[in-house]
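Before any comments, here is the structure.
Just so it is clear, none of the values below were taken in a lab; they were calculated from the coordinates. Being a predicted model, the structure only gives us computed values, none of them experimental. Cβ placement follows ideal geometry from the backbone for every residue including glycine, while neighbour counts extend to all protein chains displayed.
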Amino acid sequence: RSPARVTFDFLAEWRQATMAVTRPEGVEVPCTLGADRFQCVGATLRRELLEIDTTLRDALSVEPAAGVTLALEYAAVPLGRELAVGAGLHNVWLRKASDGKVRLRVLAAGRELGTLVATSGSGWEVRKLDTGVLAGQTAPVRFEITVDNPHGRHLGFAAEARQP
């Protein structure tokens, strides 16, 4: 089999995104894009080399905040038949010291494609999410990150839109 053709690399194009924090009452507060990160009230996102599942991985590093939803949105993504999304928690010592769950919800064109849940024992999980009904189209893709206990929860994730 020939390898999948990547139609969009979310990690490489992270600066094309916008990021906001949505508070429980529904108020959305935009984050600021600095030289090397998105800075939000109580949370950050940047590209970083992380240790996840005892392997170094180039990923988007997120330090989520409790009680809010962090939303990273790409306005115009050329979609193939699937999104391959990998996620896990950074730093073996922090994974051992805490027990909170981080949820990464993935949406394309407003449709929920799936949710990955990173825990102390989950390692690096890669899921292939079906975008067949949107293949060949350009659509917004949104990653929503929530955490029940932010202590020691540093999420790393990467994603590609692919045409297998």
Qualifying positions in the range 122-164 - among the charged types (D, E, K, R), buried (at least 18 other Cβ atoms within 10 Å of the Cβ) and either in a strand (DSSP E or B) or out of contact with any helix residue (DSSP H, G or I) (no Cβ under 8 Å at 6 or more places or on another chain) (or both): Arg142, Glu160, Arg162
- request: Would you check if Leu79 is surrounded by 17 or more Cβ atoms within 10 Å (Cβ to Cβ) and at negative phi?
  value: yes
message: Given the criteria crowded, with 16+ Cβ neighbours inside 10 Å, at positive phi and of a type in the set (Gly, Ala, Ser), does Ala59 qualify?
response: no
Selection from the range 104-139 of residues that are farther than 23 Å from Gly156 by Cα and of a type in the set (Ser, Thr, Tyr): Thr138
